[in-house]
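Quick notes on the structure that follows.
The values are calculated or read from the model by the stated rules, or taken from the named source; none is laboratory data. These numbers were taken from a predicted model, which means no experiment stands behind them. Using ideal geometry, Cβ is built from the backbone for each residue, glycine included, and neighbour counts are taken over all protein chains shown.
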Amino acid sequence: MRSRVLGSVLFGLGILALVFAGGLAFVVAPAAARLPYDMERTQSVAEAPNAQFLQITNGVAKVDTGTLRSTVTVQPDAKTTADLEGDLDGSALVWLVGQEVVRTDTNEVVSAYSTSYAVDRQTAAARDWNGQWLDTGSNRQSVKYTGHMYKFPFGTEKKSYDIFDRDILKAQPARFVKTEEVGGLETYQFVQEITNGRQDLPKDRLDAILGQLMPGATSGSVAYANTRTVWVEPTTGQYIRVQEKQSKTLVGNTGQSVTLLDALFTYTDDTVAKSADAASANRQKLLLVGVWGPLALALLALLLIIAGAILVTRRAAPTTAPRHAHPRHAADEDETAPIR
């Protein structure tokens, strides 16, 4: 009787463990694979040694050579996120992003921008939102973001993803190339090649540059090219390393051309190490609730169910003593009994 009660208890615990395993796999894990509302501010630094770049100081334009440092800061805008409505409410975050490029020898600012846009909490792709804007220092303008910029989806796959380029203001595909270990993690490498691009500058700025760098030209345009390579940790979708080979060339209607930018930006070793550490910690959390936790609970459930079933179905042991096949005579039972 006791074994049957114990077996029933173990069987019930096994079913409960199985329910918890399913809850972890199908409820907790999907919820964990979403950008949190309280995500921490992140900062990435890339440097470009021996770069050619346009420097405008006090209205004077000049092409210089030196090392550039680019710092990109991404932080959540909690107040604006709380005001999101409709299908964005609960499924999107608003990010405030800023970039500043300085020359390392003088710390002078070469270029800067700030922007705000809504990002999907699961795919990390830009969402359609009428509150997005871009400020390049001269004016704040509306912009329509699409694709990815600073993160790939949770569970990144070996396929192409669109990455938005701020200079041409549109997204173009980045194709999967190979897997490669970076910072102790297996990453997916993606390459985006932008050729024959064009950067639109405000007319007053373009005219000022033309007048100083290309006398005689009355009109012109900026040709832009960029080979962008990103190394992504696939479970989290986090960027571990980024490299950009950028070039900008001013082309005048006189046939002349002047290089405005020729630089190879690459994440610093410190940024790669910090990115890898953060991705590794987040990866372990996702694997715990999405893979190892459910598997351990499912195994425990199986053992409990089997043990419970064995105890419930086990036959009870006999409780009566066996009879002798040949009962002895009374005289044999007591050899000292008197003879009558």
Revision key, fill the gap. Expected single match for in a loop (DSSP other than H, G, I, E, B), more than 27 Å from Val258 (Cβ to Cβ) and modelled with pLDDT of 95 or more among Thr179, Thr146 is Thr146
Exercise for review: Spot the failing condition for Gly237; the list is (1) farther than 25 Å from Val102 by Cα; (2) over 24 Å from the mean Cα position of the chain (by Cα); (3) of a type in the set (Gly, Ala, Ser), and only one is missed.
Suggested key: (2)
Check your understanding: If only one of Thr106, Thr156 is part of a loop (DSSP other than H, G, I, E, B), crowded, with 20+ Cβ neighbours inside 10 Å, assigned by TED's automatic domain parsing to the domain that holds Gln55 and polar (S, T, N, Q), which one is it?
Key -> Thr156
Exercise for review: Output yes when any residue across the stretch 91-111 is at pLDDT below 95, farther than 26 Å from Thr236 by Cα and of a type in the set (A, V, I, L, M), and no when none is.
Suggested key: yes
**Study point:** Residue match in the stretch 209-228 (condition: closer than 29 Å to Ala276 by Cβ, among the β-branched types (Val, Ile, Thr) and assigned by TED's automatic domain parsing to the domain that holds Gln141)
**Key:** yes
Review point. Taking into account only those residues within the stretch 63-103 that are charged (D, E, K, R) and part of a strand (DSSP E or B), which is farthest from Glu47 (Cα to Cα)?
Key: Asp64
Check your understanding: Of the residues Ala118, Ala25, Ala32, Ala78, which is at pLDDT 95 or above and either more than 24 Å from the chain's Cα centre (by Cα) or not hydroxyl-bearing (Ser, Thr, Tyr) (or both)?
Key -> Ala118
Study note, to complete from the structure: Counting only strands (runs of 3 or more DSSP E) wholly inside the stretch 196-291, the ones holding at least 1 residues that are touching a helix residue (DSSP H, G or I) at 6+ places or on another chain (Cβ under 8 Å), of a type in the set (Ser, Thr, Tyr) and buried (at least 18 other Cβ atoms within 10 Å of the Cβ) are 238-252, 257-267
Check your understanding: Right, Thr146: hydroxyl-bearing (Ser, Thr, Tyr) and either more than 21 Å from Pro76 (Cβ to Cβ) or not assigned by TED's automatic domain parsing to the domain that holds Ala118 (or both) or not?
Key -> no
Study note, to complete from the structure: Of the listed residues (Ala126, Ala51), the one being within 29 Å of Pro153 (Cβ to Cβ) and either of a type in the set (Gly, Ala, Ser) or in contact (Cβ under 8 Å) with a residue 40 or more places away in the chain (or both) is Ala126
